[in-house]
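Written out below as structure tokens is the structure these notes cover.
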Amino acid sequence: MKKVSITYKIPEAGIKILKEKFEVWINPKENLLTKQEIKSLAKTSDAMITMLADNIDKEILEEGKNKLKIIANYAVGYNNIDVEKAKELGIYVTNTPGVLTETTADLTWALILSIARRIVESDKFTRKGKFEGWKPELFLGSDVYGKTLGIIGFGNIGQAVAKRALGFNMKVLYNQRHRVSSQIENNLNASYVDLKELLESSDYISLHVPLTKETFHLLNEEKLSLIKRSSFLINTSRGAVIDEKILYEKLKNKEIAGAALDVYENEPQITAGLVELDNVILTPHIGSATFETRSKMSVMVAQDIITALNGDIPKNLIWR
């Protein structure tokens, strides 16, 4: 019987499907597997379900070259996998696109509203028994309605975020390598601008780009210096698209009003000092974390594995 290995437990919906057809091994630990453990699995498995935190490099792929048919990454991103090496060895690599679009857009908006209205700060304040009644200047925040939202990366998630901005009567600016159609721009009240204009003009800036060589530290010191002192930065994409140390300095010195981060440059480590700042919201990479979405993701990876082990091309193959 063919063997499917899962590097960290995923929701039961996908596991159930796989167990009907294959021998399934699931990491029993609460910790991520070591590189050596993953190498061993690659050598003995016909398929693997991996997490974004698993670094699937050339060494691991070489171990799997004689047996491993598919790596199904339990994420929309796949920067953790040496895709070119996998392709060279004929190992399929799949991801989970589309299914987490609306869920991640929801979290982006939760972060926008929370940082704007100082929800986390005021919650802590109230829990500590400091609330003594209504006061005219208690926890003054910033309006969202009618402001300008800048979206960097205008794919499915970026567009879903823009769609929600319509209800807040926001002006939407976007930037990415390619301009979308005029119909999409009109439907979303969105205008294409260069990155400099977006950073200088936006009240809220939301990142939705993949992590590549081109986007690593996309927001470096020069770019972060363009952001208005009254503006807020939201990141639900990948941590390393921002130079986190520079961001910390900007936030500490109030050169940027605030930030809401769901991802981090050296995840799970967080740049020293960020946790002490009141003008920052930090969440533990929960962009797709709903029962519904994570279950759908588990079914997607399971179905791609079944397809690949049946000798067909999986639906969510990263290359064609």
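Brief remarks on what is shown
- Flag if I157 is assigned to a strand (DSSP E or B) and either closer than 26 Å to S288 by Cα or charged (D, E, K, R) (or both): no
- Flag for G14 being surrounded by fewer than 19 Cβ atoms within 10 Å (Cβ to Cβ), out of contact with any Lys or Arg (no Cβ under 6 Å at 6 or more places or on another chain) and touching a residue at least 24 places away in the same chain (Cβ under 8 Å): no
Residue by residue, here is whether (1) touching a residue at least 60 places away in the same chain (Cβ under 8 Å); (2) part of a loop (DSSP other than H, G, I, E, B); (3) crowded, with 18+ Cβ neighbours inside 10 Å; (4) of a type in the set (V, I, T) holds:
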residue: Q183; (1), (2), (3), (4): no, no, no, no
residue: E200; (1), (2), (3), (4): no, no, no, no
residue: P210; (1), (2), (3), (4): yes, yes, no, no
residue: K245; (1), (2), (3), (4): no, no, no, no
residue: Y248; (1), (2), (3), (4): no, no, yes, no
residue: E255; (1), (2), (3), (4): no, yes, no, no
residue: Y264; (1), (2), (3), (4): no, yes, yes, no
residue: I281; (1), (2), (3), (4): yes, no, yes, yes
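- Residue in segment 109-125 that is part of a loop (DSSP other than H, G, I, E, B) and of a type in the set (D, E, K, R) present: yes
- Top-ranked residue in segment 16-33 [being out of contact with any strand residue (DSSP E or B) (no Cβ under 7 Å at 6 or more places or on another chain) and aliphatic (A, V, I, L, M); ranked as modelled with the lowest pLDDT]: L32
- Pick from segment 225-245, criterion within 23 Å of Q159 (Cα to Cα) and aliphatic (A, V, I, L, M), ranking: farthest from the chain's Cα centre (by Cα): I227
- Scanning segment 34-74 for residues that are at pLDDT below 95 and crowded, with 17+ Cβ neighbours inside 10 Å yields a single hit, L52.
The values are calculated or read from the model by the stated rules, or taken from the named source; none is laboratory data. Remember, it's a predicted structure, so these values are computed and weren't measured experimentally. With ideal geometry, Cβ positions are generated from the backbone for all residues, glycine too; neighbour counts draw on all protein chains shown.
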